[in-house]
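K.L.:
I have a structure here, written as structure tokens, and I will follow up with some questions on it.
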Amino acid sequence: MFKLIHKRPFVASPKYGNFLLGILLGWMLSRLMHGWPALRGTFLGSSEWPIIESTDRSINLTESVRVLCWVMTTPENHQEKVVHLKATWGARCNKLLIMSSVADPVVGSIALPVEEGRKSLWNKTREAFRYIYERHLEEYDWFFKADDDTYVVMENLRYFLHAYTPQLPIYFGSKFRYPDYVKQGYFSGGAGYVLSREALRRFYERALGDAKHCSTTRDTEDLEMGKCMESVNVTAGDSRDQLGRKRFLPMEPVFHLTSSITEDPDFWYNQYSYYEPLYGKNCCSDLAISFHYVPGKHMHMMDYLIYDLHAWGTSYDSPPLLREKSIQEALTVAGPYPISTMRPTRTVETTTSTTTVTVEESSKNIPTS
């Protein structure tokens, strides 16, 4: 019997051979698909986008990153600006509050107990955050302040914030420098800035009542906000993308796209920007969050260009969600770029003395939103 079997080894017919080959290929394919997320991270690890193990597109950022937006405005801008803001980007906030000095049922504005005028911007900001803390603190994760001529891409704001827990004492925006007053920098009011829940808690519970470090008498809203945040150890975070491009922009899009440092080195934005101001097509992140000085009706144009206009044959592959940052990663912030690199210091000859003037010293005005 043994010899018989030995002389006649089993040879599968072509019919059974194809069947077995199919099973083998199916098993190999299933193993490959099972290990794809890890392989994808290996193959794409050198990309500009940090890769996470899962790129689950089913995550609803509108629900997982809850943002309350509030807009600072005046009665004369309710129809000129606010109605357009509400019809465009404001509708994408989880909640939108219009902060004014008059309760206008047409736009749903809230009357804060403040006077109007530029000197009242800081007190209006204080009262707005007081109102929000007392009524909405636990309902939302992040609290975004904007002007009535700020345009915001809410999807990009949520995408960026997804990597941070709202329990961190941190806030983000377009960072300016004024080291004699705020060492860590402060954020442009016009580009908008967003506070975590913990940052808002500290502002209300510890900063508002501290007149020494959080003044009620000054009128530069964004600078004072930076001073208050620094006094209660809220970090002014770095919101730039992986290429160093800004996400919060303090001017209108055309300015950032067409201007240059060499055009006017003394322009306040060049002097006060905490990080190097970039211009041209490299000015802004592909996932920019906000722009300032956008007229009311132009917000509809921005909406159309971002959400409705398409170039046939092209598409944009959205990057995966960023992994959640550790506390150390989130609170570690790059320092400012050396402003003296914009141009050499210059020597000014006078009849009585010789004075060396740097770009930083040449400005006498603090930029405001």
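One line per residue, one yes/no per condition, for (1) under 18 Å from Trp142 (Cβ atoms); (2) modelled with pLDDT of 95 or more; (3) out of contact with any Gly (no Cβ under 7 Å at 6 or more places or on another chain); (4) of a type in the set (Gly, Ala, Ser):
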{"position": "Ala191", "(1), (2), (3), (4)": "yes, yes, no, yes"}
{"position": "Arg201", "(1), (2), (3), (4)": "yes, yes, yes, no"}
{"position": "Leu208", "(1), (2), (3), (4)": "no, no, yes, no"}
{"position": "Thr220", "(1), (2), (3), (4)": "no, no, yes, no"}
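K.L.:
Another question, if that's okay. I need the full set of residues from region 324-333 which are over 16 Å from the mean Cα position of the chain (by Cα) and either in contact (Cβ under 8 Å) with a residue 40 or more places away in the chain or within 12 Å of Leu287 (Cβ to Cβ) (or both), in order please.
P.N.:
Keep residues of region 324-333 that are over 16 Å from the mean Cα position of the chain (by Cα), which gives 326-329, 332.
Residue satisfying the conditions is Ile327 alone.
K.L.:
Could you look through region 277-291, keep only residues that are of a type in the set (S, T, N, Q) and not in a loop (DSSP other than H, G, I, E, B), and pick out the one that is surrounded by the fewest Cβ atoms within 10 Å (Cβ to Cβ)? Break it down into steps so the answer makes sense when it comes.
P.N.:
Here is the first cut: in region 277-291, the ones of a type in the set (S, T, N, Q) are 282, 285, 290.
Checking the rest, the ones that are also not in a loop (DSSP other than H, G, I, E, B) come to 282, 290.
Details: Asn282: 12, Ser290: 29.
Among those that are of a type in the set (S, T, N, Q) and not in a loop (DSSP other than H, G, I, E, B), it is Asn282.
K.L.:
Restricting attention to region 160-182, and to residues there that are in a strand (DSSP E or B) and in contact with a helix residue (DSSP H, G or I) (Cβ under 7 Å, 6 or more places away or on another chain), which single residue is most open to solvent (accessible area, probe 1.4 Å)? Spell out how you get there, then give the answer.
P.N.:
As a first pass, look at region 160-182 and keep what is in a strand (DSSP E or B): 170-173, 175-178, 182.
This time we only want the ones that are in contact with a helix residue (DSSP H, G or I) (Cβ under 7 Å, 6 or more places away or on another chain), so: 170-171, 176-178, 182.
Numbers: Ile170: 0, Tyr171: 2, Phe176: 2, Arg177: 24, Tyr178: 69, Val182: 1 Å².
Among those residues, the one meeting the criterion is Tyr178.
Rundown of residues vs (1) assigned to a loop (DSSP other than H, G, I, E, B); (2) open to solvent by less than 30 Å² (accessible area, probe 1.4 Å), yes/no style:
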| residue | (1), (2) |
| --- | --- |
| Ser58 | yes, no |
| Leu85 | no, yes |
| Val102 | yes, no |
| Val107 | yes, yes |
| Glu116 | yes, no |
| Lys119 | no, no |
| Asn123 | no, no |
| His136 | no, yes |
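K.L.:
What are the residues in region 248-276 that are touching a Cys at 6+ places or on another chain (Cβ under 8 Å) and either acidic (Asp, Glu) or assigned to a loop (DSSP other than H, G, I, E, B) (or both), if any?
P.N.:
From region 248-276, those touching a Cys at 6+ places or on another chain (Cβ under 8 Å) are 249, 253, 256-257; that's our starting set.
The answer is Leu249, and nothing else.
K.L.:
Right, next: Would you mind telling me which numbered condition in (1) surrounded by fewer than 20 Cβ atoms within 10 Å (Cβ to Cβ); (2) farther than 25 Å from His300 by Cα; (3) at pLDDT 95 or above Tyr140 fails?
P.N.:
(1)
K.L.:
Mind checking whether some residue in region 179-197 is farther than 29 Å from Phe267 by Cβ and in contact (Cβ under 8 Å) with a residue 24 or more places away in the chain? If you could, list the steps in order and put the result at the bottom.
P.N.:
So in region 179-197, the residues farther than 29 Å from Phe267 by Cβ come out as 196-197.
Then keep just the ones that are in contact (Cβ under 8 Å) with a residue 24 or more places away in the chain; that gives 196-197.
Looking through region 179-197, at least one residue is farther than 29 Å from Phe267 by Cβ and in contact (Cβ under 8 Å) with a residue 24 or more places away in the chain.
K.L.:
Additional query: Which of (1) open to solvent by 10 Å² or more (accessible area, probe 1.4 Å); (2) within 17 Å of Gln184 (Cα to Cα); (3) more than 22 Å from the chain's Cα centre (by Cα) does Arg218 not meet, given it meets every other one?
P.N.:
Going through (1) open to solvent by 10 Å² or more (accessible area, probe 1.4 Å); (2) within 17 Å of Gln184 (Cα to Cα); (3) more than 22 Å from the chain's Cα centre (by Cα) one by one, Arg218 breaks only (2).
K.L.:
Residue check, Lys212 against (1) in contact (Cβ under 8 Å) with a residue 40 or more places away in the chain; (2) out of contact with any Pro (no Cβ under 9 Å at 6 or more places or on another chain); (3) assigned to a loop (DSSP other than H, G, I, E, B), all met but one. Which one?
P.N.:
Unmet for Lys212, out of (1) in contact (Cβ under 8 Å) with a residue 40 or more places away in the chain; (2) out of contact with any Pro (no Cβ under 9 Å at 6 or more places or on another chain); (3) assigned to a loop (DSSP other than H, G, I, E, B): (1).
K.L.:
Mind listing whichever residues of region 151-188 are over 13 Å from the mean Cα position of the chain (by Cα) and either under 17 Å from Met225 (Cβ atoms) or among the small types (Gly, Ala, Ser) (or both)? If you could, list the steps in order and put the result at the bottom.
P.N.:
Applying the first criterion (over 13 Å from the mean Cα position of the chain (by Cα)) to region 151-188 yields 165-169, 176-186.
Answer for region 151-188, where residues must be over 13 Å from the mean Cα position of the chain (by Cα) and either under 17 Å from Met225 (Cβ atoms) or among the small types (Gly, Ala, Ser) (or both): Pro169, Phe176, Arg177, Tyr178, Pro179, Asp180, Tyr181, Val182, Lys183, Gln184, Gly185, Tyr186.
K.L.:
Please give the number of the condition Thr314 fails out of (1) farther than 22 Å from Gly226 by Cα; (2) in a helix (DSSP H, G or I); (3) over 18 Å from the mean Cα position of the chain (by Cα).
P.N.:
The one condition Thr314 does not meet is (2).
K.L.:
Across region 261-298, what is the number of residues that are of a type in the set (Val, Ile, Thr) and closer than 22 Å to Glu155 by Cβ?
P.N.:
Taking region 261-298 and keeping what is of a type in the set (Val, Ile, Thr), we get 261-262, 289, 294.
After this cut, where a residue has to be closer than 22 Å to Glu155 by Cβ as well, the list is 289, 294.
Selection size over region 261-298: 2.
K.L.:
So is Gly209 surrounded by fewer than 22 Cβ atoms within 10 Å (Cβ to Cβ), farther than 24 Å from Pro295 by Cα and among the small types (Gly, Ala, Ser) or not? Lay out the reasoning, then the answer.
P.N.:
Working: surrounded by fewer than 22 Cβ atoms within 10 Å (Cβ to Cβ): yes; farther than 24 Å from Pro295 by Cα: yes; among the small types (Gly, Ala, Ser): yes.
Spelling it out, Gly209 is indeed surrounded by fewer than 22 Cβ atoms within 10 Å (Cβ to Cβ), farther than 24 Å from Pro295 by Cα and among the small types (Gly, Ala, Ser).
K.L.:
So is Phe129 assigned to a strand (DSSP E or B) and crowded, with 18+ Cβ neighbours inside 10 Å or not? Show your work before the answer.
P.N.:
Details: assigned to a strand (DSSP E or B): no; crowded, with 18+ Cβ neighbours inside 10 Å: yes.
Taking the combined requirement at face value, the residue does not satisfy it.
K.L.:
Can you tell me which of (1) closer than 15 Å to Arg177 by Cα; (2) out of contact with any Asp or Glu (no Cβ under 8 Å at 6 or more places or on another chain) is the one Asn270 doesn't meet?
P.N.:
Among (1) closer than 15 Å to Arg177 by Cα; (2) out of contact with any Asp or Glu (no Cβ under 8 Å at 6 or more places or on another chain), Asn270 violates only (2).
K.L.:
Another question, if that's okay. Taking interchain pairs and intrachain pairs at least six residues apart, which have beta carbon atoms under 7 angstrom, with the first residue in region 92-121 and under 24 Å from Val65 (Cβ atoms) and the second among the charged types (D, E, K, R) and in a loop (DSSP other than H, G, I, E, B)?
P.N.:
Every condition considered, the pairs that remain are Asn94/Arg66.
The values are calculated or read from the model by the stated rules, or taken from the named source; none is laboratory data. The shown structure was predicted, so the numbers you read here are calculated from the model rather than taken from an experiment. Reconstructed Cβ throughout: ideal geometry from the backbone, glycine too, with neighbour counts over all protein chains shown. Remember, those area values only see protein heavy atoms, side chains included, never the ligands or the DNA or RNA. Shrake-Rupley method; radii C 1.70, N 1.55, O 1.52, S 1.80 Å.
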